[in-house]
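The values are calculated or read from the model by the stated rules, or taken from the named source; none is laboratory data. None of the values given here were measured: they were computed from a predicted structure. For neighbour counting, all protein chains shown are included, and Cβ atoms are generated from backbone atoms with ideal geometry for every residue, glycine included. We work out accessible area using only protein heavy atoms, side chains counted, and drop any ligands, DNA or RNA first. Shrake-Rupley method; radii C 1.70, N 1.55, O 1.52, S 1.80 Å.
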Amino acid sequence: GRGSEAGLEPGDLLLSCGDKRFPDFDALESYLDSNVDRAVQLSIERGGASKSIRPARAESLHNLVPSNFLEFGGGVLHSISLGTARSGNLDAGVGVYVAFAGFVLDVAGVPAHAVLTAVGDVETPTLDAFQDAVAKLGDGARVNVRYYAVGDRFNAQVALVRVNYRWFKLQRWRRRD
């Protein structure tokens with residue numbers, strides 16, 4: 001994960017960031033938030049010895065969760081978040097996450113917490129690819145959708161989906177925070 005990329009190991013104790021020590025997590029969080037995208041030198045204690053590790057880039061937690069959502073058939077889809085990727089042993093860019101199945105996917109048997117990987121013969125590794133694929137379909141079109149459940153990526157399944165734009169407009173939403 002990101003901590004290991006910076007040189008952190010399980011059991012390390014954070015002593016300071018730069019030249020600052022933090023009495024509580026709120027102060028540390030505030031410091032990291034004010035240093036997003038900057039290199040921060042970390043001082044740690046490992047096995048009873050103090051150690052300085054190479055500067056690590058402070059990353060915004062907002063970058064770890066999806067900022068784009070697609071409303072399709074009354075459901076909510078987004079890219080795979082870091083938490084989902086870690087818990088499901090997935091890589092980013094392997095499909096589109098079904099946060100809420102909604103009417104169209106639910107009727108077809110596609111559950112929430114599935115990963116959509118193709119619409120018809122079109123691979124959909126990203127939300128943009130999925131949106132492009134379904135936008136070309138007309139209202140009432142029937143198309144096969146390939147998916148798998150998170151945690152069971154080697155058991156791909158196929159469902160026949162009937163597109164419904166009459167009641168459920170295809171809409172893209174972007175978080176602005």
### Query
Hey, which lysines would be in cross-link range of LYS51, C-alpha to C-alpha under 16 Å, not counting anything within fewer than 8 residues on its own chain?
LYS20
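Do any chymotrypsin sites (Phe, Trp or Tyr not before Pro) in region 125-154 lie in a loop, going by DSSP, with at most 15 other beta-carbon atoms within 10 Å of their beta carbon, and if so which? Intermediate values should be presented prior to the final figure.
Values: sites: PHE130, TYR147, TYR148, PHE154; in loops: PHE154.
Loop-located and lightly packed - PHE154.
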### Summary
Quick calc, the chain, dipole around Cα centre from Cβ unit charges on Lys, Arg (+) and Asp, Glu (-), nearest 20 debye, gives 400 debye
### Query
Taking +1 at the Cβ of each Lys and Arg and -1 at the Cβ of each Asp and Glu, which of LEU82, LEU8, ALA112 sits farthest along the dipole of the chain towards its positive end, judged by Cα position relative to the Cα centre?
ALA112
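Arranged from highest to lowest average of other beta-carbon atoms within 10 Å per residue, in what order do the peptides 163-173, 87-97 appear? Present the calculation step by step, with values, prior to reporting the outcome.
Values: 163-173: 13.5, 87-97: 17.1.
The most tightly packed comes first, giving 87-97, 163-173.
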### Query
Near LYS136, which lysines are there with a Cα under 17 Å away, not counting those fewer than 8 places off in the same chain?
LYS169
### Query
Counting only heavy atoms of protein chains, what accessible area per residue, in Å², does the chain have with a probe of 1.4 Å?
60 Å²
### Task
Take every Cα pair under 8 Å in the chain that's 6+ residues apart, average their separations, divide by the length, and report that relative contact order as a whole percent.
17 percent
